[in-house]
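Worksheet: the structure to be examined is printed underneath.
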Amino acid sequence: MDQYIEFITNHPILSLAWVGLVFLIVSGLIKSKFSAIRQINPQQLTLLINREDGKVVDIRAQKEFSAGHIANSVHLSPEKAKQSDFSSLEKYKSKPIILVCTTGMTAQGTATAMHKAGFEEVYVLASGMGAWQSASLPTTTGR
């Protein structure tokens, strides 16, 4: 215990940085546990589609979407997603919605906006299309 006290007194900035990092990690874990938006993996996405008639919404740029997307997914332009314009998705409001972006980072903000707009079940594909392709799951092109 004396060594900890000595370290803290000799390195106050490093000690504060360590405490800050621990706080951020713990608060992030707590926030994710109580969040209405869940991150799912490709296998869970497949189960949501097959068992609960989930709808995949791809929020990547049109060019990326046309190059390859999950079968039967709906495209929502990044501009509409940023503006929270979900009018084209109203018919899916009571179904599970799975948002897909390139890396899984952009979709989180859109998922929060969709939840606030009244969408009941909103999920985010963790690591985005990268995870889908890494799992060697099929994509379709066009549209």
Worksheet entry | Yes/no for ILE97 being aliphatic (A, V, I, L, M), under 22 Å from ALA117 (Cβ atoms) and in contact with a helix residue (DSSP H, G or I) (Cβ under 6 Å, 6 or more places away or on another chain) | no
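Table: residues versus (1) within 16 Å of GLY142 (Cα to Cα); (2) of a type in the set (Lys, Arg); (3) free of Cβ contacts under 8 Å to residues at least 24 places away in the same chain; (4) not assigned by TED's automatic domain parsing to the domain that holds ALA111.
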residue: ILE59; (1), (2), (3), (4): yes, no, no, no
residue: GLN62; (1), (2), (3), (4): yes, no, yes, no
residue: ILE70; (1), (2), (3), (4): yes, no, no, no
residue: SER88; (1), (2), (3), (4): no, no, yes, no
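Condition check: assigned by TED's automatic domain parsing to the domain that holds LEU99, closer than 30 Å to ALA126 by Cα and at pLDDT below 95. Does GLN39 satisfy that? Talk me through it step by step, then tell me what you get.
Details: assigned by TED's automatic domain parsing to the domain that holds LEU99: yes; closer than 30 Å to ALA126 by Cα: yes; at pLDDT below 95: yes.
Yes: the conditions hold for GLN39.
Looking at THR102, THR141, which is the one that is assigned by TED's automatic domain parsing to the domain that holds GLY68, touching a helix residue (DSSP H, G or I) at 6+ places or on another chain (Cβ under 8 Å) and farther than 17 Å from THR46 by Cα? Don't jump to the end; show me each part of the working.
Working: THR141 fails: assigned by TED's automatic domain parsing to the domain that holds GLY68.
Only one candidate qualifies: THR102.
The values are calculated or read from the model by the stated rules, or taken from the named source; none is laboratory data. This is a predicted model, so every value here is computed, not measured. Note that we place each Cβ from the backbone using ideal geometry, even for glycine, and neighbour counts take in every protein chain shown.
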